[in-house]
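Right, one structure below, let's go through it.
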Amino acid sequence: MKIYYDDVFLKHRPVGYHPENPERLKIVRRALEERGYWKNLVKPKVAEVEDLLKVHDGSYVEFVRERCEHFGYIDSDTYVCKDSWISALTAFGCAIQCVENAVRERDLHLALVRPPGHHAGKRGVAFNAPSLGFCLFNNVAGAIVKVKEFFDKVLVIDFDVHHGNGTQEIFWGDLDVVHIDLHEHGIYPGSGALEETDGAKVNIALPHYSSDDDYIHAWNEVVDPILDEIDPKVVLVSAGFDAFSNDGLATMELTEKFYSFAGSKLRKFSVVAVLEGGYSVGLERGLPAFVEGYVKGYEIEEVNPSSKVIEVVKKLKRIHGLPP
């Protein structure tokens with residue numbers, strides 16, 4: 001495993017309290033150090049504006065650059081400060097760099113970046129969402145564009161508790177970008193319904209209070225068949241850990257079990273995991289579990305999903321023509 005990290009990501013900071021703050025990465029670092037995984041560090045590269053323009057509209061990029069000249073809120077819940085510009089450029093460049101290395105070396109390439117990105121659309125707010133959801137530039141979208149330079153098909157899995165509406169919007173209609181998104185139905189940003197698809201966008205919208213077994217069932221029935229069909233050389237992951245029980249911004253009830261399972265399921269692939277959400281216990285326990293699952297493997301004998309999730313998965317499989 002390689003960890004891509006720089007203290008520049010701590011410089012994007014609010015005035016007063018905000019759930020998306022530098023302490024998030026300090027939690028991650030302590031958790032990985034305690035488990036002996038804080039090693040093989042790689043210094044991230046800084047993106048050029050030209051890289052951003054492969055994903056975002058030029059007027060939006062300029063808007064963010066100008067607003068980063070001083071502290072302020074660019075919408076109801078997304079702040080910027082004078083160091084947000086360099087933090088965001090480095091986060092975007094880091095995701096691209098991870099792909100360049102993942103193509104050459106099968107491993108877990110973990111991008112511990114801030115600010116997060118999966119809610120940012122081509123021109124900012126995406127799919128009629130109420131805000132940018134703490135995001136400035138869509139880091140995993142930059143990674144997707146880079147993967148397309150090497151391979152015809154791109155597979156991205158987003159297991160942040162919130163739907164990756166920005167990523168979906170940017171690549172809507174591009175059937176070579178398969179975007180599988182496991183998220184909590186009925187919360188921010190309001191998009192990501194089961195039926196919301198262009199044929200390559202797979203929204204696994206799960207009910208409130210879904211458990212490890214619910215997520216694992218959905219993965220086995222939906223994610224695995226798609227992975228087997230595409231057999232990608234590189235898997236991109238929008239790695240949010242806010243579905244962990246009591247992380248703070250949702251009602252899902254995941255534990256280390258699901259994240260260990262997900263990491264283990266991706267072991268045979270070269271993985272670029274770009275940090276999205278996770279604000280407390282999800283980062284402390286969920287992220288290390290994902291890393292450990294990838295490094296050591298994790299066995300699941302039996303799962304007992306809820307009847308609601310079984311029905312959701314059946315419906316989703318019909319929508320996408322997956323084997324029953």
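Quick one: 3J(HN,Hα) in Hz for the stretch 69-83, Karplus 6.51/-1.76/1.60 with θ = phi - 60°, rounded, Gly and Pro as x.
6, 7, 5, x, 9, 8, 7, 5, 9, 10, 9, 9, 9, 5, 9
For the chain, build the convex hull from the C-alpha positions and give me its volume per residue in Å³.
114 Å³
Considering amide H positions built from the backbone, and no H for Pro or chain starts, which residues 5 or more places from residue 121, or on another chain, come under 5 Å of its amide H?
Residues meeting the criterion, in which the H sits 1.01 Å from N, are 126.
Using every Cα-Cα pair within the stretch 92-137, state what percent have a distance larger than 14 Å. Before the final figure, lay out each step's value.
Numbers: 585 of 1035 pairs.
Taking all Cα-Cα pairs of the stretch 92-137, the fraction more than 14 Å apart is 57 percent.
Just how many % of Cα pairs in the stretch 73-159 lie over 20 Å apart, if you round to the nearest whole percent?
37 percent
Using alpha-carbon pairs under 8 Å, 6+ residues apart, how would you state the relative contact order of the chain in percent?
Relative contact order for the chain comes out at 18 percent.
What order do you get for 185, 56 when you list them from fewest to most C-beta neighbours inside 10 Å?
The order, fewest Cβ neighbours first, is 185, 56.
At 25 °C and 0.890 mPa s, grab the translational diffusion coefficient of the stretch 30-122 from Stokes-Einstein with a Kirkwood Rh over Cα pairs, rounded to a whole number in µm² per second. Provide the component values of the computation, followed by the final result.
Details: Rh = 14.8 Å.
Rounded, D is 166 µm²/s.
Find the relative contact order for the stretch 105-227 and round it to a whole percent, using C-alpha pairs within less than 8 Å whose residues are 6+ positions apart. Could you put the intermediate results ahead of the total?
Working: 203 pairs, mean separation 24.8, N = 123.
It rounds to 20 percent for the stretch 105-227.
Over 17 Å apart: what share of the alpha carbon pairs of the stretch 5-58 falls there, rounded to a whole percent?
Values: 819 of 1431 pairs.
Within the stretch 5-58, distances greater than 17 Å cover 57 percent of Cα pairs.
Mean Kyte-Doolittle of at least 0.5 and a Cα length of 24 Å or more along the axis: which whole DSSP H helices of the chain meet both?
Counting only whole DSSP H runs, the qualifying helices are 84-104.
Which pairs in the list 26/268; 146/317; 45/201; 11/45 are over 21 Å apart, alpha-carbon to alpha-carbon?
Details: 26/268 29 Å; 146/317 30 Å; 45/201 30 Å; 11/45 16 Å.
Check vs 21 Å cut-off fails for 26/268; 146/317; 45/201.
Based on the Cα coordinates of the stretch 260-324, what is the per residue volume of their convex hull in Å³?
155 Å³
Readers should treat all values here as calculations from the given coordinates under stated rules, not as data from a laboratory. Just so it is clear, the structure is predicted and the values come from calculations on it, not from any experiment. Methodologically, a virtual Cβ is constructed for each residue, glycine included, from the backbone with ideal geometry; neighbour enumeration extends over all protein chains shown.
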